[in-house]
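Take this structure first; my questions come after.
Just so it is clear, none of the values below were taken in a lab; they were calculated from the coordinates. Please read all numbers here as calculations on a predicted model, not as lab measurements. Counting neighbours? That spans all protein chains shown, and the Cβs are built from the backbone with ideal geometry, glycine included.
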Amino acid sequence: AQSVAQPEDQVNVAEGNPLTVKCTYSVSGNPYLFWYVQYPNRGLQFLLKYITGDNLVKGSYGFEAEFNKSQTSFHLKKPSALVSDSALYFCAVKGGYNKLIFGAGTRLAVHP
Amino acid sequence: NAGVTQTPKFQVLKTGQSMTLQCAQDMNHNSMYWYRQDPGMGLRLIYYSASEGTTDKGEVPNGYNVSRLNKREFSLRLESAAPSQTSVYFCASSQSESSYNSPLHFGNGTRLTVT
């Protein structure tokens, strides 16, 4: 069965430093992977997706994600964090019948 | 551009009461979904509607019913609320259920407390 794991409940980073939010996946067949962000009292917003092609995927707000097939990972990255990036981040994989299966979420806290 | 609109934003119910959560999208999307979000568990799919006139169970359908009223609207009903249904409920839509490329668009959620 398809699944995703986000091993960190929270990630803390100083503003201006690079950030990484980790995600690993388990799928049968080709993975279709997504990152979403949730700001307080809001719904999830789509950031980026990997379907096929380049392993480095660029998305909204300066975020990018690196697909690594051998490590079954899809880590979210940003070269220079902003305080406004503080939010809850969800990794997701397309499961059976094309439904999205979400990870538990990682809270990113960017400190000034 | 409203996107996905959910009502109400907050609701408190007593055990055994019923209620309907409303959702409407104005993006002409074919597919709509109901998720619940609980701490440490991410989002879990309750029901979905691949297209107008069809509905199917997701991962956690027990205690819920849905109606795809038309292409725009997809409602979620709790017939007899239980404390275990205390959660934040999200409606979402996508252009096509069968397309791997179409991301989900979410509403802002309904925070439900059952006492």
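Sequence-distant or interchain residues sharing an amide H contact under 5 Å with A:Y32, placed H: which?
Excluding prolines and chain starts, which carry no amide H, the hits are A:K94.
Counting other C-beta atoms within 10 Å, and keeping those with at most 16, which DSSP coil GluC sites (Glu not before Pro) do you find in the range B:1-84?
B:E52, B:E59, B:E79
If you wrap a convex hull around the Cα atoms of the range A:38-112, how much volume per residue is inside, in Å³?
Measuring per residue, one finds 113 Å³ for the Cα hull of the range A:38-112.
If contacts are Cα pairs under 8 angstrom and at least 6 residues apart, what is the relative contact order of chain A in percent?
Averaging sequence separation for qualifying contacts and normalising by length gives 38 percent for chain A.
Suppose every Lys and Arg Cβ carries +1 and every Asp and Glu Cβ carries -1, with no other charges. What dipole size does the protein assembly as shown come out with about its Cα centre, to the nearest 20 debye?
240
How far is it, in nm, from the label point at B:T15 to the one at A:V83 when both lie 7 Å from their Cα along the line to the Cβ?
4.5
Follow-up. Each residue of the range B:39-55 in order: what ³J(HN,Hα) in whole Hz does its phi give by Karplus 6.51 cos²θ - 1.76 cosθ + 1.60, θ = phi - 60°, with x for Gly and Pro?
Karplus values, whole Hz, x for Gly and Pro: x, x, 10, x, 10, 10, 7, 8, 9, 9, 10, 5, 7, 4, x, 10, 9.
What are the trypsin sites (Lys or Arg not before Pro) within the range B:1-85 that DSSP puts in a loop, where the Cβ has at most 13 other Cβ atoms within 10 Å?
Loop-located and lightly packed - B:K9, B:K14.
Using 7 Å Cα-to-Cβ label points, what is the B:M27/B:S96 separation (nm, one decimal)?
1.6
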